[in-house]
Amino acid sequence: MTFKALTLGVAAAALMAGGALADGHAGGAKIGMITTLSGGGAGLGIDVRDGFMLAVEQSGRTDIEVLIEDDQRKPDIAVQLADKMIQAENVDIMTGIIWSNLAMAVVPSTTAQGKFYLSPNAGPSALAGKGCHQNYFNVAWQNDNLHEAAGAHANGAGYGNTFILAPNYPAGKDALTGYKRMYEGELAGEIYTKLGQTDYAAEIAQIRASGADSVFFFLPGGMGISFLKQYAASGVDLPVVGPAFSFDQGILQAVGDAALGVVNTSQWNKDLPGEANAAFVQTFEAKYGRLPSLYASQGFDTANLILSALDKAPVSDQDAFREALRAAEFTSVRGEFKFGANHHPIQDIYAREVVQEGDVFTNKLLGVALEDHADAYAGDCKM
Amino acid sequence: MSAILIAEQVLNGLQFGVMLFLMAAGLTLIFGVMGLINLAHGSLYMVGAFAAAAVAGATGSFVLGLGAALAAAAAAGVLIEMLVIRRLYRAAHLDQVLATFALILIFSEGTRWVFGSFPLYLDIPAALSGPVSLPGGILYPAYRLALIAAGLAVAAGLWWLTARTRVGIQIRAGADDREMIAALGVDIRRLYTLVFALGAALAGLAGALVGAIQSVQVGMGEPVLILAFVVIVIGGIGSIKGAFIGALLVGLTDTLGGIFLPELFKLFMAPDTATQAGSALASMAIYILMSAVLIWRPTGLYGARPA
């Protein structure tokens, strides 16, 4: 027996084992979750994971296996993990990625290998338009959406001369594009800051000198904390509007008073009406000892969408499973939820305000900023 | 662009510079005296910020928080010097880089283990909140003025320590010739631990002071560490004076570059492209500065000249 024959035999055995495995999770599913669990952006990934696992646990199903890995917010590591999950672990569905640059590195190859990808967060414009794919679903939003809602809110509030800033990277450009798409007034200034910048004294001085009547900013995570604290200390008291990413439950406590009263836009809030949402907020808080953020709600919805589709069709029947996903017949914590033609949500986006409840800083719903809003790229998607 | 805006930006640059100096001073001392590349210096900055946030949160006193930051960072410094760094003085630089990089990972995940993944809250003291009016009608945050004053005070204190005290003479001598100072009967191990603790405490102080206007989170030290390395390369390795001048240069270049380069580009470009091209060039400005200084003076502004 030659070496070649031996390897062939091993390969065949592996194939058979793989086949048996696929049959083994016919009714259930093997889900690969790659998300950010360490480093500066870990809070977001942890919230997505906790929301997702809460839904899986509540379903009571034992035939769903979730493999969770940490991408450390690095695209190369995300790609390695995705290869391992798809080729060695033979997962059916992938999910979990937070950051758009990581999503761009992982999602196209995942869908090209015949797997489903459900994004619980990142929604880069490239994947919503020309790069859309029948096996790619975004359960959160297209990147521009919350910024568009901020622009619409600015019109409603009568702002006519906004100073806008965002980090100099793809999602930052999507943000300013999104705001400008809806906003009808003049721009007092437009700045791209460095990604990861922590000192905004220079930008705040420019805002002060610009004669603006309002400020729009997209600075997710720690960048937003720094900006808001420094903005509050600077004595510039122009009204601020921004997307929920700088005002989510995970960072509000670190910002403190500086965020009070700021209007921000989100597709979800903890006081949205509906039993499903109330139950989600209550069980999440009971299990993890903290209030859920919008990221947690997105993880929760993603898992419930998968569960609803699994109830209708097995993953192995790809066409039926895809139809079941597209139908999105699950109770979203956001209330109404449906997919557009490019598999991105069409949904209401709300304005909310930062308030203090006892010792805890949180968001209160103000009203709808954009109703039944779809993204601007759907037309470019030829699926 | 008004004179007020320019003056405010110069103050911002100064403030950024003196905070960088606190980081760079420790780094350059440790490198100069012990010949050690300490990548974990940023972790000590983080330790200071977390200690300040925890203690200020529990007691409500910012001053106690600062004390805790100094103590915790110095203690962490002594601990890692005695457990890890001491074994590395004779090792190659690559070994030092690997070991201190491992320390970064240990500190980051250890901090996450103790404090969780979400940023902590640390606010500026009430007495220094809000802006003050400076002559000429400049409205400037009081806390940032306090930072400039604190940074300059520490710089003066360090100058006094190195130039006027016995320990300072030993530190300078250690930077010049390690074997000779050991041969003269100075307890070099104790001196090393002392220098390391001093550098760590300065990093911790910077972390606590800056943490109050930024976010106290895991990984906050690494971006500052990179800038601090740029500072000591510009200033000349081992020189406190060089670190001071280098820190101010980097602070001013970074701040003013970020403002004026996009404006400059707008003179001959469309505003949209000018903003992007200007921002891109501004983020490179300090590295261009570093290259220029190194071409002019290969050992940095105040580095030891090769004989």
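The values are calculated or read from the model by the stated rules, or taken from the named source; none is laboratory data. Because the structure is predicted, anything quoted here is derived from the model rather than measured. A quick note on method: Cβ atoms are made from the backbone with ideal geometry, for glycine too, and the neighbour counts reach across all protein chains shown.
Out of the residues in region B:213-243 that are under 20 Å from residue B:293 (Cβ atoms) and not in a helix (DSSP H, G or I), state the one that is modelled with the highest pLDDT. Among them, the one singled out is B:236. If the requirement is being within 14 Å of chain A (Cβ to nearest Cβ) and on the phi > 0 side of the Ramachandran plot, which of these qualifies: B:185, B:137, B:211? Going through B:185, B:137, B:211 in turn, just one is within 14 Å of chain A (Cβ to nearest Cβ) and on the phi > 0 side of the Ramachandran plot: B:137.
When residue A:326 is tested against (1) surrounded by fewer than 19 Cβ atoms within 10 Å (Cβ to Cβ); (2) in a loop (DSSP other than H, G, I, E, B), exactly one condition is not met: (2). One residue stands out among those in region B:81-105 that are outside any helix (DSSP H, G or I) and touching a Leu at 6+ places or on another chain (Cβ under 8 Å): the one that is surrounded by the most Cβ atoms within 10 Å (Cβ to Cβ), which is B:84.
The requirement of being touching a strand residue (DSSP E or B) at 6+ places or on another chain (Cβ under 9 Å), closer than 29 Å to residue B:215 by Cβ and buried (at least 21 other Cβ atoms within 10 Å of the Cβ) is fulfilled nowhere in region B:73-80; no residue meets it. Selection of region A:208-222 for residues being within 14 Å of another protein chain (Cβ to nearest Cβ) and of a type outside the set (Gly, Ala, Ser) yields A:208, A:219, A:220. Residues in region B:162-191 that are among the β-branched types (Val, Ile, Thr), without any contact (Cβ under 8 Å) to a residue 12 or more places away in the chain and closer than 29 Å to residue B:63 by Cα: B:165 only. Any residue in region B:244-253 that is closer than 28 Å to residue A:254 by Cα, within 11 Å of chain A (Cβ to nearest Cβ), assigned to a helix (DSSP H, G or I) and of a type outside the set (Asp, Glu)? Looking through region B:244-253, at least one residue is closer than 28 Å to residue A:254 by Cα, within 11 Å of chain A (Cβ to nearest Cβ), assigned to a helix (DSSP H, G or I) and of a type outside the set (Asp, Glu). Within region A:142-150, identify whether any single residue is surrounded by fewer than 21 Cβ atoms within 10 Å (Cβ to Cβ), charged (D, E, K, R) and at pLDDT 90 or above, and answer yes or no. No, there is no match, as no residue in region A:142-150 is surrounded by fewer than 21 Cβ atoms within 10 Å (Cβ to Cβ), charged (D, E, K, R) and at pLDDT 90 or above. Close Cβ contacts (under 9 Å, 6 or more residues apart or on different chains) running from residues in region A:297-309 that are over 12 Å from residue A:118 (Cα atoms) to residues that are hydroxyl-bearing (Ser, Thr, Tyr) and in a helix (DSSP H, G or I) comprise A:307/A:59. For region B:140-154, the criterion of being more than 8 Å from chain A (Cβ to nearest Cβ), in contact (Cβ under 8 Å) with a residue 60 or more places away in the chain, aromatic (Phe, Trp, Tyr) and under 18 Å from residue B:13 (Cβ atoms) is satisfied by at least one residue. Among residues of region A:265-280 that are buried (at least 24 other Cβ atoms within 10 Å of the Cβ), those with a beta-carbon under 7 Å from a residue that is assigned to a loop (DSSP other than H, G, I, E, B) at least six positions away or on a different chain give the pairs A:267/A:141; A:267/A:334; A:268/A:333; A:268/A:334; A:270/A:291; A:270/A:292; A:280/A:292; A:280/A:333. Of all the numbered requirements in (1) within 15 Å of the chain's Cα centre (by Cα); (2) surrounded by fewer than 21 Cβ atoms within 10 Å (Cβ to Cβ); (3) within 14 Å of chain A (Cβ to nearest Cβ), residue B:225 misses one, and that requirement is (2). Annotation note: of A:178, A:172, the sole residue that is surrounded by 24 or more Cβ atoms within 10 Å (Cβ to Cβ), more than 25 Å from residue B:10 (Cα to Cα) and of a type outside the set (Phe, Trp, Tyr) is A:178.
Yes/no matrix, rows are residues, columns are (1) without any contact (Cβ under 8 Å) to a residue 24 or more places away in the chain; (2) among the small types (Gly, Ala, Ser); (3) more than 14 Å from chain A (Cβ to nearest Cβ):
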residue	(1), (2), (3)
B:63	no, no, yes
B:107	no, no, no
B:123	no, no, no
B:160	yes, no, yes
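Please verify whether region B:235-257 includes one or more residues that are buried (at least 21 other Cβ atoms within 10 Å of the Cβ) and among the acidic types (Asp, Glu). Looking through region B:235-257, at least one residue is buried (at least 21 other Cβ atoms within 10 Å of the Cβ) and among the acidic types (Asp, Glu).
Against the test of being in a helix (DSSP H, G or I), crowded, with 20+ Cβ neighbours inside 10 Å and at pLDDT 95 or above, the options B:44, B:27 yield a single qualifying residue, B:44. Region A:124-238 holds strands (runs of 3 or more DSSP E) entirely within its bounds, and those carrying 2 or more residues that are farther than 30 Å from residue B:121 by Cα map to A:136-138, A:186-193.
Could you go through region A:151-174 and let me know if any residue there is within 14 Å of chain B (Cβ to nearest Cβ), hydrophobic (A, V, I, L, M, F, W, C), farther than 28 Å from residue B:17 by Cα and touching a helix residue (DSSP H, G or I) at 6+ places or on another chain (Cβ under 7 Å). No, region A:151-174 contains no residue that is within 14 Å of chain B (Cβ to nearest Cβ), hydrophobic (A, V, I, L, M, F, W, C), farther than 28 Å from residue B:17 by Cα and touching a helix residue (DSSP H, G or I) at 6+ places or on another chain (Cβ under 7 Å). Residues in region A:356-372 that are loosely packed, with under 14 Cβ neighbours inside 10 Å and β-branched (Val, Ile, Thr): A:360 only.
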